[in-house]
Structure formats: structure tokens, C-alpha cells
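One structure below.
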Amino acid sequence: MSPFFKLFSFVCFCAVFFFNFSLKVFAQTNYDKNSKNVIYIEGAGAGGYGSINYERLCFSSSKTAFAFRLGVSTYYLNDYTDTFNPEIILPVALHFLYGKNHKLEVGAGQTITSFVRASRQDFQPKRDVRNHTHFMLGYRYQKNKGGFMVRVAYTPILEFNTDYQHWGGLAVGYSF
């Protein structure tokens, strides 16, 4: 089994466990009165040049919330041999939101990249999986009851967890 498949399976398992656990632990709050899910498209940001994301609010009150994010993006669909072998980018993060409709958003997470490179021994395609830490500080407009969502954020990335890259993102989506 490839390292990428193991890592992807682990992330999916953690997301499902986290969502189910959060429903039981935080059931005593007014959690059910607010929208819990957000689907959005982000230009730039932690997912590269563009990503599709799902966010689940794990705890929310009238002014604060914690959200778990899982996204997917791709860069090239074909590798350098012109064979279908997409490069995959998976942003995973935990965000804290403060505010009613106009929110301050602070978060951090990992961007998992799976790129295809030439092997140094035989120059054949080889998949290279890397982790990059990202942070986020931004403004989000989202009503607690659901509907339109927009976010503008500064999202610096520690590429290969060593090189600091300034980056920003714009997200538009729908909460329900």
C-alpha cells in the first residue's frame, strides 16, 4: 500500500471520528440552532491556486466556533510523461471563529501534497508525499443560521516545514 493512500485513509478516518465525537460531546450547547456545514471554493490559500473545501463546525455558540476543514485540489493532471497521474493537494485544518455575522478567523493545519517527480535512478515517475504547515488569519462573513459565506485571509505556508511563503486566499461558499 502506498504511503499516500495510508495517509489519505488516516485523514478520512480522523475526520469521520472527529465529526461523530463532536456531535455527542457538544450536544448540550445551542449547536443545533446554527448551521454546521460549509462548502466553499477557495482561490489561492492553503490548497494552492484553487481548492474545493468542506468545513464542519464542531462547537459553536452565539459568537464563537471551532471548525474542522478538509479540502482537495490538484495542480497538473498529467505527469511529465503525459500520463494521467494527478498531483494532489489536501489542506486539513482547525479554525477558530469569533463574531456573529462578521467573524475573525484564526487557524492552522497541514497541507499534504502528493506530486510526481522523476526518480533519480531510472527517471521513471515517482510520487513524492510532503507535509507543509499553514496558518490563517482572516475575515469571514457568514450568518450563524446559514447561507452565503465569503472569506478573505492571509494564509502563510511553511513549505516543506522550512521555507516561509507569504500567501493569501479568497473563499466563497454556502453554509447549511
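Within the stretch 98-115, list the residues whose amide N lies under 20 Å from a label point set 7 Å along Cα→Cβ of V172.
Only 102-103 fall inside the zone, counting backbone N under 20 Å.
For V72, what is the net charge nearby, where nearby means another residue's Cβ is under 12 Å from its Cβ and Lys, Arg count +1, Asp, Glu -1? The partial results should precede the final answer.
On the way: positive: R69; negative: E42, E87.
Net of charged neighbours comes to -1.
Can you list the HN-Hα couplings for the stretch 134-147, worked out from phi with the Karplus curve (6.51, -1.76, 1.60; θ = phi - 60°), rounded to whole Hz and with x for Gly and Pro?
10, 10, 8, 9, x, 10, 10, 9, 7, 6, 4, 7, x, x
I need the per residue convex hull volume for the stretch 49-92, using only the alpha carbons, in cubic angstrom as a whole number. Spell out each step's value before the answer.
On the way: hull volume 3.0 nm³, N = 44.
Normalising the Cα hull of the stretch 49-92 by residue number yields 68 Å³.
Taking only Cα atoms of the stretch 71-176, what ratio of Rg to Rh do you get with Rh as the Kirkwood inverse-distance radius? Could the numbers behind the result be given before it?
Numbers: Rg = 17.2 Å, Rh = 15.7 Å.
For the stretch 71-176, the value is 1.10.
Counting Lys +1, Arg +1, Asp -1, Glu -1, what net charge surrounds G138 among other residues with beta carbon under 10 Å of its beta carbon?
Numbers: positive: K103, R140, R151; negative: E105.
Every neighbour counted, the sum reads +2.
Tell me, what % of the accessible area of the stretch 19-176 is carbon and sulfur with a 1.4 angstrom probe? Don't skip to the answer; put the middle values down first.
Working: 5350 of 8440 Å².
That fraction is 63 percent.
Excluding I157 itself, calculate the net charge of residues whose Cβ lies under 15 Å from the Cβ of I157, where each Lys or Arg counts +1 and each Asp or Glu counts -1. Working shown, then result.
On the way: positive: R69, R130; negative: E42, E159, D163.
Result for the neighbourhood of I157: -1.
Full-extension gain between H102 and S62, please, as 0.36 nm times their residue separation minus the C-alpha to C-alpha distance. All intermediate terms of the calculation are to be shown ahead of the outcome.
Numbers: separation 40, 0.36 × 40 = 14.40 nm, distance 1.20 nm.
Gain on stretching H102 to S62: 13.2 nm.
Give me the 1.4 Å probe accessible area per residue for the stretch 118-176, excluding ligands and nucleic acids, in Å².
Numbers: 3710 Å² over 59 residues.
Per residue, the stretch 118-176 has an accessible area of 63 Å².
The values are calculated or read from the model by the stated rules, or taken from the named source; none is laboratory data. Just so it is clear, the structure is predicted and the values come from calculations on it, not from any experiment. Neighbour counts are summed over all protein chains in view; Cβ atoms, including those assigned to glycine, are modelled from backbone coordinates with ideal geometry. Quick note on the areas: whole protein, heavy atoms, side chains included, nothing else; ligands and nucleic acids left out. Shrake-Rupley method; radii C 1.70, N 1.55, O 1.52, S 1.80 Å.
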